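Single-structure report; data block below.
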Amino acid sequence: MTVTKGLEGIVATTSSISSIIDDTLTYVGYDIDDLAENATFEEVIYLLWHRRLPNKEELKELTAQLAENMDVPKEVLDHFKTFPIQSVHPMAALRSAISNLGLYDAEADVMDKEANYKKAIRLQAQISTIVTAFARIRKGLEPVSPKKDLSFAANFLYMLSGKDPSAIEEEAFNKALVLHADHELNASTFTARVCVATLSDVYSGITAAIGALKGPLHGGANEAVMKMLTEIGSVENVESYVKNKLDNKEKIMGFGHRVYRNGDPRAKHLRAMSEKLTKLTGQSQYYEMSVKIEELVTSQKPLPPNVDFYSASVYHSLGIDHDLFTPIFAVSRTSGWLAHILEQYDNNRLIRPRAEYTGPGMQKYVPVDER
Ligand code: COA
């Protein structure tokens, strides 16, 4: 047996959804740079689920289906009121809410292709409502119902704040959703696939994936980056902060990647958005601090920024609470998780690797009184 720690470099499945080859990320063969500049999140969802871009009619149909399915059973939202709502992290609340959502779907365990596709639409639509409703309920505000004529990106911002977003806010948020939608066999997607490969249901797969995304080495890094920027406070403090972290061999959140070696292609789009939005909202210090951190880290270590680094200041500029950054990642990545779950069902085999045993050799049971 050869053990590969962290499964680095192990190819665990075939997939026709997204690829990372030579530091280029593609969704179904479309370069992420192309999609980030041109595509709507709805088009990307269709692309990931059908492996082709939709025509006008197909896009209209999917957009309408998403808008029609955004309402969430009242019981799921009421359940938030039983949580320790002031202290619970929104990712933990989201994980519970998605699990709960499955209880109110009569088709949760119907496993045919059509039923699973319909569940995918419902889940993708409802996760947006759940995150925004939680954010409001914990502030003592009523959830805002979605508007059927808004895009997915605009609807999220509208349900969060109760106000129609500006064109630039919608554009920025749409771009962030496109950039986070899928990423080959990342930890949460692998988790989702392992879960449903037992032929468990879609809700279990997404709940498991949310649990994996929550960690700071994965999706939780964007919130950790904002915490770091807040802690640093101003550009003058960056140098000593970075030195201190690197001297103490501590990780700087938002840097490094298991697969990319020369840089995460998504980061530059978020960096450009961060510059634009922080300027617009009079908070350029967050962009300037980020740039300085990047300069210092990359001049000393081969660690380019990843997707989470500049997304932090982008979401902050949109006025979003910092602990909602990772749930937003989940809203977007649900599209990729669902694509992978459906792909797994289509060509399933139980995922069950082995472990090399390192414990003691054979032992004889000793009754408790004699131990
Ligand atoms: N800051 C400082 N050093 C870092 C680092 C970071 N963000 N990321 C990796 N390193 C260093 C490690 O300390 C290690 O150094 P060593 O060999 O001297 O011990 C080396 O680089 C390899 O790191 P490792 O954690 O083993 O790489 P990995 O492939 O297992 O992990 C990440 C990849 C993404 C988990 C890792 O880079 C990380 O923890 N980054 C910060 C969290 C983050 O931004 N996550 C979001 C990913 S999109």
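The values are calculated or read from the model by the stated rules, or taken from the named source; none is laboratory data. Every value quoted in this text rests on a predicted model; they were computed, and no experiment measured them. Cβ: placed from backbone, ideal geometry, glycine included. Neighbour counts: every protein chain shown. Protein only, heavy atoms only, side chains kept; ligands, DNA and RNA dropped before computing areas. Shrake-Rupley method; radii C 1.70, N 1.55, O 1.52, S 1.80 Å.
For every residue, the table says whether it meets (1) within 16 Å of the ligand (Cβ to nearest atom); (2) open to solvent by less than 10 Å² (accessible area, probe 1.4 Å); (3) more than 26 Å from the chain's Cα centre (by Cα).
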{"site": "VAL314", "(1), (2), (3)": "yes, yes, no"}
{"site": "PRO353", "(1), (2), (3)": "no, no, no"}
{"site": "TYR357", "(1), (2), (3)": "no, no, yes"}
{"site": "LYS364", "(1), (2), (3)": "no, no, yes"}
{"site": "VAL368", "(1), (2), (3)": "no, no, yes"}
So which residues in the stretch 148-188 are open to solvent by 30 Å² or more (accessible area, probe 1.4 Å), aliphatic (A, V, I, L, M) and under 27 Å from ILE21 (Cβ atoms), if there are any at all? LEU185, ALA187
Candidates THR191, THR198 - the one that is open to solvent by 10 Å² or more (accessible area, probe 1.4 Å), among the β-branched types (Val, Ile, Thr) and free of Cβ contacts under 8 Å to residues at least 24 places away in the same chain: THR191
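Is it the case that some residue within the stretch 156-164 is within 18 Å of ALA39 (Cα to Cα), under 18 Å from the mean Cα position of the chain (by Cα) and at pLDDT 95 or above?
yes
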For the subset of the stretch 10-30 comprising residues that are without any contact (Cβ under 8 Å) to a residue 60 or more places away in the chain and not hydroxyl-bearing (Ser, Thr, Tyr), which member is surrounded by the most Cβ atoms within 10 Å (Cβ to Cβ)? VAL28
Return a yes/no flag: does the stretch 54-71 have any residue that is farther than 30 Å from ALA133 by Cα and under 21 Å from the mean Cα position of the chain (by Cα). no
Being open to solvent by less than 50 Å² (accessible area, probe 1.4 Å), under 23 Å from SER15 (Cα atoms), free of Cβ contacts under 8 Å to residues at least 60 places away in the same chain and not in a helix (DSSP H, G or I), is that true of even one residue in the stretch 52-72? yes
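Restricting attention to the stretch 305-320, report how many residues are part of a helix (DSSP H, G or I) and in contact with a Gly (Cβ under 9 Å, 6 or more places away or on another chain).
Summing the residues that are part of a helix (DSSP H, G or I) and in contact with a Gly (Cβ under 9 Å, 6 or more places away or on another chain) in the stretch 305-320 gives 6.
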List every residue pair whose Cβ atoms lie under 8 Å apart, where the two residues are 6 or more positions apart in sequence or sit on different chains, the first residue falls within the stretch 216-232 and is touching a residue at least 40 places away in the same chain (Cβ under 8 Å) and open to solvent by 10 Å² or more (accessible area, probe 1.4 Å), and the second residue, located anywhere, is small (Gly, Ala, Ser) and more than 10 Å from the ligand (Cβ to nearest atom). GLU223/ALA312
Checked the stretch 31-51 for anything free of Cβ contacts under 8 Å to residues at least 60 places away in the same chain and surrounded by 14 or more Cβ atoms within 10 Å (Cβ to Cβ); matches are GLU43, TYR46, LEU47, HIS50, ARG51
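Any residue at all in the stretch 133-142 that's of a type outside the set (Phe, Trp, Tyr) and either within 16 Å of the ligand (Cβ to nearest atom) or over 18 Å from ASP323 (Cα atoms) (or both)?
Scanning the stretch 133-142 turns up at least one residue that is of a type outside the set (Phe, Trp, Tyr) and either within 16 Å of the ligand (Cβ to nearest atom) or over 18 Å from ASP323 (Cα atoms) (or both).
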Check TYR203 against each of (1) away from the ligand (no atom under 16 Å from the Cβ); (2) outside any helix (DSSP H, G or I); (3) not basic (Lys, Arg) and name the one condition it does not meet. (2)
Under the condition of being among the polar types (S, T, N, Q) and open to solvent by less than 30 Å² (accessible area, probe 1.4 Å), which residue from the stretch 235-294 is farthest from the ligand (Cβ to nearest atom)? THR278
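Residues are listed down the side, and each one gets a yes or a no for (1) within 28 Å of ILE252 (Cβ to Cβ); (2) out of contact with any Leu (no Cβ under 9 Å at 6 or more places or on another chain); (3) of a type in the set (A, V, I, L, M); (4) part of a loop (DSSP other than H, G, I, E, B):
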site	(1), (2), (3), (4)
MET273	yes, yes, yes, no
LYS276	yes, yes, no, no
GLY282	yes, yes, no, yes
ILE293	yes, no, yes, no
SER299	yes, yes, no, no
ALA330	yes, no, yes, no
ILE341	no, yes, yes, no
ILE351	no, yes, yes, yes
ALA355	no, yes, yes, yes
